[in-house]
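The structure appears right after this line, and notes come after that.
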Amino acid sequence: MIHKFKMDDVNIVLDVNSGAVHIVDDIVYSILDYYPQKNEEEIKTLLKDQYSSEEIKSVLAELNDLRKQDLLFSEDTYISNSAFTTRKPVVKALCLHIAHDCNIRCRYCFASQGDFKGTRSLMSEEIGKKALDFLIENSGNRRNLEVDFFGGEPLLNFEVVKKLVDYGRKREKEANKNFRFTITTNGVLLNDEIIKYINENMENIVLSIDGRKEINDKMRYTVNGEGTYDIILPKFKNMVETRGDKSYYVRGTFTKYNIDFAKDVLHLADQGFKNTSVEPVVAEPGKDYELTYEDLPEIFHQYENLARELIKREKEGNGFNFFHFMVDLNQGPCVIKRLTGCGAGSEYLAITPEGDIYPCHQFVGNEKFKMGSVVNGLNKERLNIDFANAHVYNKEKCRDCWVKFYCSGGCHANAYNFNNDINRPYDLGCEMEKKRIECSLYIQAKLRMTEKTEG
Amino acid sequence: MKHIKTLSYGSLKETAHKGGCGGCQTSCQSACKTSCTVANQECENR
């Protein structure tokens, strides 16, 4: 199986099952409409008005060569791979909802503006410790354990965050584990002391900001209705400047109100942020800010513009990362991980302030998905949904899709929210993901072509 | 090759042999909280 596409002056062919990527000329691109189904003579007849027999013959020799090397039309043999069939997922990551409360109001908030459709509450130190113990106990032989302090707004319960980090450091030594703490914050409560603490103790931070002031402030405002941009931007800059080489992302959401979101990504880059992520909103159908199919042409156009600008800045020595364009073609995750995806509901779980367990942060608040508690233990049987086996081969739409090894079947919560079935992916999300991966390949191809020209 | 330049030889087949250790980061813990992208995670078992 291959996927081929054109963007500007580049023709790209992805061999889906090996992950090989080829830059091809127009003759190859045309011949691949017929190869390998048609034989040499048939192809020569079909393309006789465009290309000579000799040219076609020489292309076919190259294509045959790639096939021999298993770099074109390679087979998918992973479904029977023992590392895949015998995998036994263990819990390795928690999204710890340290505060079901928030000090700002975001119009698109999936957490019902911080309370996840429940009572506003903060996680106690006791429940937090039980959550960390639960993670250690359910992690089998996995050494690296991830805990994201999430909300609502985690800084509303920062004393407990600090106590849990101390507790984790103590327990990891006893249990021979390695906790990697991360935090996702809206930034309003950041001060020098908190910034210093987070920079010292958190492996990664996600700083929420949507981009341009007017865009951010339309969707993200305080309880008094004031925009947050002017409050958070200097704090985020300070945080990133003092963070050194440690990982961070400024992360935003785009909606129908900023369908020109490439400008927001570039705005964040212009503020000096080198690691950016701006994602499409996932809205309940009927919301005014919801993205719809009619928005796709413009969204695609925006991703393409962003890709071109990213290349330009990279060449000028002023490059930055856009999370959803980052694909490591040579050293990325193994195919087993690519088949199984985010691990929600099996490797990755969310814990509420009360200690209840859900498949991931997106399901919190939907009682149907409650799968136990850190006090009484995990009860997967309570769910009639098999998250551990929601892999690409069990998703009909994914099985024959070229992008399956890059999105891994997409977000289960989106699939459930739109199609009432975690195995039926959210179509609009799929279309955007395909475009993002095409743009990522385009960026790498263009940068490589430049290296060759200049080298 | 005259007509084809290979940008990447891919590593999926190779990773099938040693893959599945699970030591890597969970995708939603990095910078996406809604639109799953797994291919940008780093392998920790090279």
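The values are calculated or read from the model by the stated rules, or taken from the named source; none is laboratory data. Keep in mind that what you see is a predicted model, and the values were worked out from it rather than measured. Positions of Cβ are generated from backbone atoms using ideal geometry, with glycine treated the same way; all protein chains shown enter the neighbour counts. Calculation scope for accessible area: heavy atoms of the full protein, side chains included, ligands and nucleic acids excluded. Shrake-Rupley method; radii C 1.70, N 1.55, O 1.52, S 1.80 Å.
About its Cα centre, chain A has a charge dipole of approximately 1340 debye under the convention of +1 per Lys or Arg Cβ and -1 per Asp or Glu Cβ, with nothing else charged. The residue list A:Thr85, A:Gln50, A:Leu72 was ranked by how far each Cα lies along the charge dipole of the stretch A:38-105 toward its positive end, using unit charges on Cβ atoms, and A:Thr85 comes out on top.
Full extension of the chain segment joining A:Asn64 with A:Arg105 gains 8.9 nm, where the gain is 0.36 nm per residue of separation less the Cα-Cα distance. Counting only other chain Cβ atoms within 10 Å of each residue's Cβ, the peptide A:13-22 averages 5.
Assuming a ≥ b ≥ c are the square roots of the Cα gyration tensor eigenvalues, decide whether the stretch A:1-128 counts as rounded (a/c under 1.5), prolate (otherwise, with a/b larger than b/c) or oblate. Cα axes put the stretch A:1-128 in the prolate bin. Rounded, prolate or oblate, given the Cα gyration tensor of the protein assembly as shown, with a/c below 1.5 counting as rounded? Prolate is the answer for the protein assembly as shown, as a/c is 1.5 or above and a/b outweighs b/c.
Computed as a quarter of the hull surface, the mean projected area of the alpha carbon convex hull for the stretch A:308-455 stands at 11.2 nm². Leaving out ligands, DNA and RNA, calculate the buried accessible area for the pair B and A with a 1.4 Å probe, summed over both sides, in Å² to the nearest 100. The B and A chains share an interface burying roughly 5200 Å². With labels modelled as points extended 7 Å from the Cα through the Cβ direction, what inter-label distance (nm, one decimal) is found for A:Tyr393 paired with A:Ser247? Result: 2.9 nm between the two label points.
Just checking the output field for A:405-416: average partner chain Cβ neighbours within 10 Å of each residue's Cβ? Please list the in-between numbers first.
On the way: counts 4, 5, 6, 6, 2, 4, 8, 1, 4, 3, 1, 0.
Shielding by partners across A:405-416 averages 4.
Surface exposure of chain A, expressed per residue as accessible area with a 1.4 Å probe, stands at 41 Å². Reducing the stretch A:375-432 and the stretch A:1-51 to their Cα centroids gives an inter-centroid distance of 32 Å.
Counting Cβ atoms of other protein chains within 10 Å of each Cβ in A:60-72 and taking the mean gives 2.
Relative to the present Cα-Cα distance, how much length would full extension add between A:Ser53 and A:Glu200 at 0.36 nm per residue of separation?
46.4 nm
Determine the shape class of the stretch A:387-435: with a ≥ b ≥ c the square roots of the Cα gyration tensor eigenvalues, call it rounded for a/c under 1.5, and otherwise prolate if a/b is greater than b/c, oblate otherwise. It comes out oblate by the Cα gyration axes.
Which entries of A:Lys246/A:Lys397; A:Lys315/A:Lys395; A:Lys196/A:Lys287; A:Lys117/A:Lys163 show an alpha-carbon separation above 29 angstrom in the structure shown?
A:Lys246/A:Lys397; A:Lys315/A:Lys395; A:Lys196/A:Lys287
Given a 1.4 Å probe and every protein chain left where it sits, what share in percent of the accessible area of chain A is carbon and sulfur? Carbon and sulfur together cover 45 percent of it.
Given the rule -39500 (n - 2.57) for each run of at least 4 DSSP H residues, summed and divided by the residues of chain A, what is its mean residue ellipticity at 222 nm, to the nearest 500 deg cm²/dmol?
Numbers: 16 runs with 173 residues, N = 455.
The per-residue figure over chain A is -11500 deg cm²/dmol.
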